[in-house]
Each structure stands twice: as C-alpha cells, then as structure tokens.
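The values are calculated or read from the model by the stated rules, or taken from the named source; none is laboratory data. Note that the structure is a prediction, hence the values are computed from the model and not measured. With ideal geometry, Cβ positions are generated from the backbone for all residues, glycine too; neighbour counts draw on all protein chains shown. Areas reflect the complete protein model, heavy atoms only, side chains present, ligands, DNA and RNA absent. Shrake-Rupley method; radii C 1.70, N 1.55, O 1.52, S 1.80 Å.
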Amino acid sequence: MVLPDRHEKSKVFTLIYNLSGGAINSQIIITVIAALGAIATGTILGWSSSAQSMFDADDSLLPFAVTGKDTQTFSSVFGIGAALGALPAGYVSRLFGRPASMLLFEGFLLVGWAMLVLPTSVWMLSAGRMMQGIGVGALCAIIPSYIGEIAEPRMRGRLGTIFQLFIVIGILYSYTSGAFMKYVPFCVACAFWVILHFIGALCIPESPYHLMNINDPDGAAVSLQILRDSSDTTEELASIKLFVEKQQSQSYTVSEVLSDKVNRKALMISIGCMFFQQMSGINVVIFYMTDIFKSTGSNMSPNTCTIVVGVVQLFMTVLSFTIIDKSGRKALLVLSGLLMANCYMGLGGFFLIKTHYLELASKLNWLPLVCIAVYISAFSIGYGPVPWIMMGEIYSSEVKPIGTSLTTCTNWTLVFVVTYVSTELIRWLGQAGCFLTFSAFCLMGAAFAASVVPETKNKTLAEIQLKLVGKSKAVPVAVDVVEATEPVQATTTIS
C-alpha cells in the first residue's frame, strides 16, 4: 500500500473543508476524523458485555462451546495486548509519523475483528482480543498526542476532550447494537468504525511537530497552514522549531529518569492515579455489566439496564468537560473515590441481602441499577479523566516520553490483572465480597488523592515542577516560549 504524501493529503482535506463551506474550523474537522479511532476503541471495550450475553443465550451461536473460563480469558487478555501495544507506540509514531502509525495499528483492529466475526475455535476469540488490545493500546497513545500537537493552545483543552467523549460514544454504540443485533452483524457493525477511521487517517495532515522533528520545515509549514486555515503561522512555526530543538538536545534513559527525586515523585503520582483508576474495578463493570444485571434478578432487561448506564456515562462525560477546570483535579479525585466506594457498598449490601433475604432483595431490585449509574457518573467526573490529565501535566518535557510510556503500560497491565482476578475473587468471596473489596480500594484512592496528589489546576508546567520539588514560590509570568507552546497530552478515559 502506498500512502498519499502530504500534498495529496492537503488536496483531499481541502476538498473536505470546502464541502463544509469553510464554516467549521479545520482543526475541529481534523480532530473529529482522527478521533474516530476512539469510537472504534469504545466499541471494542463494550464488546465483551454484549458478546458474553449472546454466548450465554445461545449455545449454538458458535461451532464450539464457550465456558466461563474462556470468557474470563478472552476478556482479560485484551489488557495484555494493550500494554504491549502502548510500549512501542511512541517510537513507531516518531518513526513513521502520526497518521501512518494510526493506519498501522488500525490493521491490528481489523485482524482482531476478522478473528472474532467467524471464529473456528475458542483460541481465536482470545487471539482476536489480543490483536485488538495491541491496536487499542497504541491508538490511545498516538491519537491524543496527535490532537495535542495539531491544536492551538486556546482550543487544545476542548479538542482534547473529544477523544474521551468518542470512547464513551463507542461503548454506548456497542451496548445498543449488541442488544438488537445477532452476533455476526454486531461484530461487523463495530468493525465499520475501524474502516471509517482507516479511510479518514489517509486524508488528515501530518503533525507539524513530527515534520519539524524529521527536519522537514517546509512540510511543517504546509501542515500548519492547513491546520490554521491559511492564517499567518510564522510565529507559531518558530515556536515549534524551538521546542523540537530543545527536545532533541535532551535525551534520558529510564535509569536517568528514576535517579532524580522529582521524577520519581512524578512517576509515583501518575502511576498511583492509574493504579487506583483500575483498582476501582471500572473495566470489570464495563466488560461484565450485562452479567451483573442478570445476577440481580431484576425484572428489567439486562440489555436495557446496560444501555441506561451507557447513556448516563455519556451525559456525565459531557458534564465533566465543564467542571474539570473549575473544580480542580484533587477535589474531583477525592469526591470520585468516595462516591464510588459508597456505590460498591450499596451493591455489596444488595447481594448480601439477596443471599439471606430473597424476598426483601426482590423489593430492592432497582438498587443495583442506581448504584452502577451513580458509580459510572462518579468515575466519569473524577478517576476516569483526571489520571490521564495528570499524566500530561505532572512530567517535565524532557522525561514525558518515558514517563507516559511507563504509566500507560501500567494502566493496561492492571486492566488485565483486575479483569482476570475479579472472576476468581467472586468465586473466593462471592459477589458481595468482590464489590466490597473494590469499595475498599476506592476509599484508598480517595485517601491517596487527598494526601499525595498535588493540585495542578491553572498552573504552568514550571509551577507544577516547583510544587513537586516542594517550593510554593511562584515562577515569573514570562514562561519560556518552548514550555508555553508545548503540546499538552490530550485527555482520555480508558474504561
């Protein structure tokens, strides 16, 4: 396959831009096209819940039996694949460029869907989820970085949240289509978004930061002209060049990063936030939501409950955009942890009542839906987006590539561990014990946020680094132009 060069891409994009009448900012169009990969990611995250329901309802759906152990395996190996995909994503995107890397890793998603659509044995389900995990882990690193690099500073925050929003839309799409479609059409409907994003990635321009990094200033100028609707980009181009030159002059190994006390503290904060994000059990709820609702004995359809929760998650994700820069990171993490802990206590209490007082539980069968809806709301405003925002803010520019790779890999590794172990935890402790265990971790997450996580709201990167050192003295207003124009990591919620 021969990829179009930047001039051909500019012609294609110019056509798309003209079809919109020039009424929509080109950055918004390009961000939406790039973020279609987030919808593809969301459908993959939501697939397990719908597919498991289909397998349970029809034993003849596949030409082989799918046991509970098989479900546990193919649901959890996704996290291993995502961790493997996240590690080389930064290097691959530097080597081939951002859009080309998206195309490469979308290939993994397509291969994964091909294995899931018509599997001939159970190992293909696990292999397909592993392939999808590799693609998702890489895309969750590449696409937000690309959006952060193409956006103007005044629009970077708003554009960065589109990726997070599209993931939630993808999850809801998967829940809804899974409730009304048969297995093969359901998988094909989800794979459609991969193909759509693949076509879109052929049309979007390369990041000017990448072009400047490979010593192509002319290409960077062309890219920036497209992104800024042909306005004067001389000053911004100079800032990008200065930033790239500084980055190229500073190269750190992992041991050099860990030898510095401030860097270790930043790693502890960022990885700690990711640890408690996953130990909140979010992916257990997402992957096994239909199964959870089935076990409650509610009169309401499990698929209907799942869709209701998906709608709530979408609404709360939109709401989080408006409050995250006003309320502060620390306060939202504490509030999120406390609310999630209480919701898990409610779920644990319901299953304890169901075990000993079945008649009373039948009168409270509305409680699990309320608890999970509130839990998803609490996650969406706190421990969902904030750890990813913190990851983009807490690292200094010279150690960010290493720090973000380690943090992202940790996140996806925990997805595997928590998803796999949760099934065993239910066997050991019962459903009530499992939910109460997650409640304890949510309480610890709230305590961690209150005692360890610094408040980074409305602070420059230099002020955040001073805070990590333990100095509260304000830095001069005139921040170095390189730092001021650094592309901040876009925010994503992996759920």
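Miscellaneous remarks
- Every residue from the stretch 83-103 that is within 17 Å of the chain's Cα centre (by Cα) and within 24 Å of Ile199 (Cβ to Cβ): Gly85, Ala89, Met102
- Failed item in (1) under 22 Å from Ser48 (Cβ atoms); (2) open to solvent by less than 10 Å² (accessible area, probe 1.4 Å); (3) aliphatic (A, V, I, L, M), with Val77 passing the rest: (2)
- Among helices (runs of 4 or more DSSP H) entirely within the stretch 257-360, having at least 2 residues that are at pLDDT 75 or above and of a type in the set (Phe, Trp, Tyr) singles out 261-279, 329-356.
- Within the stretch 415-460, the set of residues being touching a Ser or Thr at 6+ places or on another chain (Cβ under 7 Å) and open to solvent by 40 Å² or more (accessible area, probe 1.4 Å) comprises Phe416, Tyr420, Leu429, Gln431, Phe441.
- Qualifying residue in the stretch 95-109 (condition: acidic (Asp, Glu), assigned to a helix (DSSP H, G or I) and modelled with pLDDT of 90 or more): yes
- Summed over the stretch 361-382, the residues that are crowded, with 24+ Cβ neighbours inside 10 Å, modelled with pLDDT under 85 and among the aromatic types (Phe, Trp, Tyr) give a count of 0.
- Test: residue in the stretch 243-250 that is more than 30 Å from Pro385 (Cβ to Cβ), at pLDDT below 80, more than 29 Å from the chain's Cα centre (by Cα) and open to solvent by less than 80 Å² (accessible area, probe 1.4 Å): no
- Applying the set (1) at pLDDT 85 or above; (2) in contact with a helix residue (DSSP H, G or I) (Cβ under 6 Å, 6 or more places away or on another chain) to Met444 leaves exactly one unmet item: (2).
- Selection from the stretch 319-378 of residues that are without any contact (Cβ under 8 Å) to a residue 40 or more places away in the chain, under 18 Å from Val168 (Cα atoms) and among the aliphatic types (A, V, I, L, M): Val374
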